[in-house]
1. For region 99-108: of the residues being touching a helix residue (DSSP H, G or I) at 6+ places or on another chain (Cβ under 8 Å) and in contact (Cβ under 8 Å) with a residue 40 or more places away in the chain, which is farthest from residue 270 (Cα to Cα)?
2. Considering each of 111, 70, 88 in turn, give the residue that is without any contact (Cβ under 8 Å) to a residue 12 or more places away in the chain and under 28 Å from residue 14 (Cα atoms).
3. Return the residue satisfying two criteria in turn: it lies in region 282-323 and is more than 14 Å from the chain's Cα centre (by Cα), closer than 24 Å to residue 159 by Cα and surrounded by 14 or more Cβ atoms within 10 Å (Cβ to Cβ), and of such residues it is modelled with the lowest pLDDT.
4. Give the residues of region 253-281 that are modelled with pLDDT of 90 or more, in contact with a helix residue (DSSP H, G or I) (Cβ under 6 Å, 6 or more places away or on another chain) and in a loop (DSSP other than H, G, I, E, B), sorted by residue number.
5. Mind checking which residues of region 153-178 are in contact (Cβ under 8 Å) with a residue 24 or more places away in the chain and outside any loop (DSSP other than H, G, I, E, B)?
6. Give just the number: which of (1) assigned to a strand (DSSP E or B); (2) modelled with pLDDT of 95 or more does residue 101 not satisfy?
7. Looking at 10, 6, which is the one that is loosely packed, with under 10 Cβ neighbours inside 10 Å, within 25 Å of residue 114 (Cβ to Cβ), over 20 Å from the mean Cα position of the chain (by Cα) and touching a residue at least 40 places away in the same chain (Cβ under 8 Å)?
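The values are calculated or read from the model by the stated rules, or taken from the named source; none is laboratory data. From a predicted model like this one, the values you see are computed outputs, not experimental measurements. Glycine gets a Cβ as well: all are built from the backbone with ideal geometry, and neighbour counts include every protein chain shown.
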């Protein structure tokens, strides 16, 4: 079958044109500057790795998202990354295994998924993140969450909100106060995600019903969670959540959904999602987790990933306007003068022919000798 237009891109893939491509670069640079200022050193893993390495480190989550191909050099199966976090884990536990802990690493790059989902139609996305490797305590969670919020704020994001969760909550209760058959745990998790009280009762999991009502604004939700008689099984987690929430900036709205699991398949005791006004879906997620070391052991870590592509559409109408201070340089312009102007912030566009139209090229000013003339 011949395509009607061979230049059409595959579903879920898009070109970034001006000014959105420039906006994406600014978002990346501002976020990475925040991470660097907090001592997170940048790493840049390759786009493609051996499929076996990526799949093993995904711990059974997300393998279905991997594009696979055969390497003609080694005849082994390769995969395009769908998540940079697992690559950073590989770097930390191999090439940087002897580095002092906590090890702070950051990254930014594109990831590719084999199929889109309903909430995220894009198959290629920008992922920016940081990993604090060697600790998963409250202090680590506080640092990582604060930095994630600061990185978004640096990109001009307002109305930031945080939703906290306890990814291993059902497992913890099933092993202690509210025992259920191990084969029933996944079903209980699913019904909690669906907020289906009737289905929980039908499963004989009535003890888990109060968790459905421990959601919403943090203060009320954490009080409802603390009121559940779990024989002390939740005490340390509740204390930790209160400490984390108390450490957040006052203008950040905090909610709690203790049984939320979507996007937290490999997190351990703590997870969070980040949202912002006028942005559909989560801008990022993070939490505590364990990094497999490839030898049957693991190392604890705390981190986050941001997916800021949605921010490119905020104020897009304004972004389509020509940037200020673009200076047209006519033929024969003084290069020394132009260099000095660029050094103080001007953006220049040089004429290539007599027919070049300064205004059509988006310029706001014209250089006339050493003088700047408004167009």
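1. Among residues in region 99-108 that are touching a helix residue (DSSP H, G or I) at 6+ places or on another chain (Cβ under 8 Å) and in contact (Cβ under 8 Å) with a residue 40 or more places away in the chain, the one farthest from residue 270 (Cα to Cα) is 108.
2. Numbers: 111 fails: without any contact (Cβ under 8 Å) to a residue 12 or more places away in the chain; 88 fails: without any contact (Cβ under 8 Å) to a residue 12 or more places away in the chain.
Exactly one residue qualifies, and that residue is 70.
3. Of all residues in region 282-323, those more than 14 Å from the chain's Cα centre (by Cα) come to 288-301, 312-323.
Pick out the ones that are also closer than 24 Å to residue 159 by Cα and you get 312-320.
Applying the additional criterion that residues be surrounded by 14 or more Cβ atoms within 10 Å (Cβ to Cβ) yields 312-314, 319.
On the way: 312: 83, 313: 72, 314: 67, 319: 41.
Ranking the candidates gives 319 first.
4. Selection gives 258, 259.
5. Result: 154, 161, 162, 163, 164, 165, 169, 170, 172, 173.
6. Condition (1) is where residue 101 drops out.
7. Values: 6 fails: touching a residue at least 40 places away in the same chain (Cβ under 8 Å).
The match here is 10.
Okay, residues lined up against (1) assigned by TED's automatic domain parsing to the domain that holds residue 85; (2) touching a residue at least 24 places away in the same chain (Cβ under 8 Å); (3) out of contact with any helix residue (DSSP H, G or I) (no Cβ under 7 Å at 6 or more places or on another chain):
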{"position": "216", "(1), (2), (3)": "no, yes, yes"}
{"position": "223", "(1), (2), (3)": "no, no, yes"}
{"position": "226", "(1), (2), (3)": "no, no, no"}
{"position": "242", "(1), (2), (3)": "no, no, no"}
{"position": "245", "(1), (2), (3)": "no, yes, no"}
